[in-house]
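First the structure, in the form of structure tokens, and then the observations on it.
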Amino acid sequence: MKKKVCCIVVNWNTFNDTIACIESVLSMQLCPDTLVIFDNGSTDGSKEKIENWSETYFTKDRERLILTAADISSDRRQKPHPLQPRFVLIHSSENLGFARGNNLCISWALQQKTFSHFWLLNPDTTVDAQALKTLLDCAENDSAVGVWGSSICLSHDPKILQCAGGCRYNPLTTIIKPAYRNRSLRELFVLNPLPALDYIIGASMFIAAGVIDSIGLLCNDFFLFYEELDFCRRAQNKGYSIAWCKHSIVYHKGGTSSDNPKINENKYLSAINYHETISTLIFTKKHYPLLLPIVLPFRFFGKLFHLIRRRQLFLVSPLVYAYINFFRGKPPASLR
């Protein structure tokens, strides 16, 4: 039985990068059966620009499907599409966060009842011609692995790794260490190392449909950051392994949203620091509750010292708000 893949990209005010990403996906020797783009409440005209692009690439109407986030809500379940479209664009009027954006796309795909795997890609990535074929080969050779990660290389220096599939995570210090960061890809291919991973990085997550059937979707408690770590931890708790598919190469820019001239840099950095902090606390409370009394002061004062040393005092306020909202039980998207 042929394995069918649904590739998902969540866009937020980065239509140029998103189009470059999906063009690289469609240029692979083996392409996904369906490509789903979620526009996460963009304000730069992304939805219209991506839709216009799709009309030139997918010339037949039956190949394209345009939906809204409301179309996939739990109270409006859709029947499987009679002609499986090759391209789906789902638009939200507001920014729902990384997890919810991906979840709506996965929910639509699950309704089709045809996909064996879901490939989550960041919009600021491009992919090697063999990236998907290699992932499918890895999945075929080891069915115990539920989530595969690619070799994430730097876009500006494609021979150097950003990480080998994913990262290690220290729950006490909350420090994240990408596996084999800044190492030569060629060197690692020869040495054939097997990194120990705690989670697969969200820039490229290749997930077997059975994992989602078993543990559910990404956790909506995380607006940004830690959704991959939480998902992989839940998959491992159910007996699935996570692993690096080293010959699947993905090139990652990183920090693209901050390069958008319409986005204020200080506001962007404030949001990043806020969400990183509150997601850390939510994850710790959920998975390491006994460590929370240690993590709370360690994270706060460590971060505070770091910001003072770098003279980024404008980021102290988001740090404080993250703690206040965590203790109040407010959702992580509540920063203004």
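Scanning the stretch 178-187 for residues that are open to solvent by less than 90 Å² (accessible area, probe 1.4 Å) and either assigned to a loop (DSSP other than H, G, I, E, B) or closer than 30 Å to Lys285 by Cα (or both) yields Pro178, Ala179, Tyr180, Arg183. For the stretch 183-225, the set of residues classified as at positive phi and in contact (Cβ under 8 Å) with a residue 24 or more places away in the chain consists of Phe225 only. Scanning the stretch 188-239 for residues that are assigned to a helix (DSSP H, G or I), at pLDDT below 95 and buried (at least 18 other Cβ atoms within 10 Å of the Cβ) turns up just one, Leu188.
Looking across the stretch 161-177, the residues that are open to solvent by 40 Å² or more (accessible area, probe 1.4 Å), part of a strand (DSSP E or B) and touching a residue at least 24 places away in the same chain (Cβ under 8 Å) come down to Gln162, Arg168. None of Ile278, Ile294 is closer than 24 Å to Asn170 by Cα, of a type in the set (Val, Ile, Thr), open to solvent by 60 Å² or more (accessible area, probe 1.4 Å) and in a helix (DSSP H, G or I) except Ile294. If the condition is being farther than 30 Å from Asn264 by Cβ and out of contact with any Lys or Arg (no Cβ under 7 Å at 6 or more places or on another chain), then the stretch 37-59 contributes Glu55, Thr56, Tyr57, Thr59.
Selection over the stretch 95-121 of residues that are more than 12 Å from Phe38 (Cα to Cα), touching a strand residue (DSSP E or B) at 6+ places or on another chain (Cβ under 6 Å) and outside any helix (DSSP H, G or I) gives a count of 4.
The values are calculated or read from the model by the stated rules, or taken from the named source; none is laboratory data. Here the structure is a predicted model, which is why all the values come from computation and not from measurement. All Cβ positions, glycine included, derive from the backbone under ideal geometry; neighbour counts span all protein chains shown. Heads up: the accessible areas ignore ligands, DNA and RNA and are worked out on the full protein's heavy atoms, side chains in. Shrake-Rupley method; radii C 1.70, N 1.55, O 1.52, S 1.80 Å.
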